[in-house]
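J.: Here it is: the structure, laid out below.
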Amino acid sequence: QVQLVESGGGSVQTGGSLRLSCEASGITYSQYCVGWFRQAPGKEREEVARIGSEIEGSTSYADSVTGRFTISRDNAVSTLYLQMNALKPQDTAMYYCAVRWRLCSPVWRDWLYWGQGTQVTVSS
């Protein structure tokens, strides 16, 4: 079975930092595009950052997090990371990791495997 488990969420004040992790199992990790998404109550799910599979090999960030967040992956241990610095209240959301075989997609519903999510709360 494919399983994605997020960890590292929590509550911080504005300007603080958190590091999220997502451990994957049941897949050949390097063959998947991997990404972080977030969803706040009443809002649409949005992509935060992604790293392409060994086929694509590209990295991208949402404009709202560029310069503050860093996405990375360790294929040896099938783990995805999101280093979040200079956090703002608008970063408050449930954060999910997801994977898609071979190719990334701009449509979040196309990402077939999802973790349970980890809550990030940033207070002013």
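J.: Within the stretch 3-57, which residues are over 15 Å from the mean Cα position of the chain (by Cα), over 15 Å from THR92 (Cβ atoms) and small (Gly, Ala, Ser)?
T.: Once the filter is applied, which keeps residues that are over 15 Å from the mean Cα position of the chain (by Cα), over 15 Å from THR92 (Cβ atoms) and small (Gly, Ala, Ser), the stretch 3-57 yields SER25, GLY26, SER30, GLY57.
J.: Among the listed residues TYR61, TYR113, which satisfies the condition of being of a type in the set (Phe, Trp, Tyr), closer than 16 Å to GLN3 by Cα, at pLDDT 95 or above and touching a strand residue (DSSP E or B) at 6+ places or on another chain (Cβ under 7 Å)?
T.: From the options TYR61, TYR113, the qualifying one is TYR113.
J.: Another one. Name the residue that is nearest to LEU20 (Cα to Cα), counting only residues in the stretch 65-96 that are open to solvent by 60 Å² or more (accessible area, probe 1.4 Å) and in a loop (DSSP other than H, G, I, E, B).
T.: Top of the filtered list is ASN85.
J.: For the stretch 1-60, give me each residue that is within 13 Å of ASN75 (Cβ to Cβ), in contact with a helix residue (DSSP H, G or I) (Cβ under 8 Å, 6 or more places away or on another chain), outside any strand (DSSP E or B) and touching a residue at least 40 places away in the same chain (Cβ under 8 Å).
T.: TYR29, SER30, SER53
J.: Additional query: Specify which of the listed residues (VAL122, VAL99) is open to solvent by less than 50 Å² (accessible area, probe 1.4 Å) and more than 14 Å from the chain's Cα centre (by Cα).
T.: VAL122
J.: Quick one: ASP63 ticks every box in (1) touching a residue at least 12 places away in the same chain (Cβ under 8 Å); (2) under 17 Å from PRO106 (Cβ atoms) except a single one, so which number is it?
T.: So ASP63 meets the others, but not (1).
J.: Is at least one residue of the stretch 3-17 open to solvent by 60 Å² or more (accessible area, probe 1.4 Å) and of a type in the set (A, V, I, L, M)?
T.: Scanning the stretch 3-17, I find at least one residue that is open to solvent by 60 Å² or more (accessible area, probe 1.4 Å) and of a type in the set (A, V, I, L, M), so the answer is yes.
The values are calculated or read from the model by the stated rules, or taken from the named source; none is laboratory data. Keep in mind that this is a model prediction, so the values were computed, not measured. Neighbour counts are summed over all protein chains in view; Cβ atoms, including those assigned to glycine, are modelled from backbone coordinates with ideal geometry. SASA here: full protein model, heavy atoms, side chains in, ligands and nucleic acids out. Shrake-Rupley method; radii C 1.70, N 1.55, O 1.52, S 1.80 Å.
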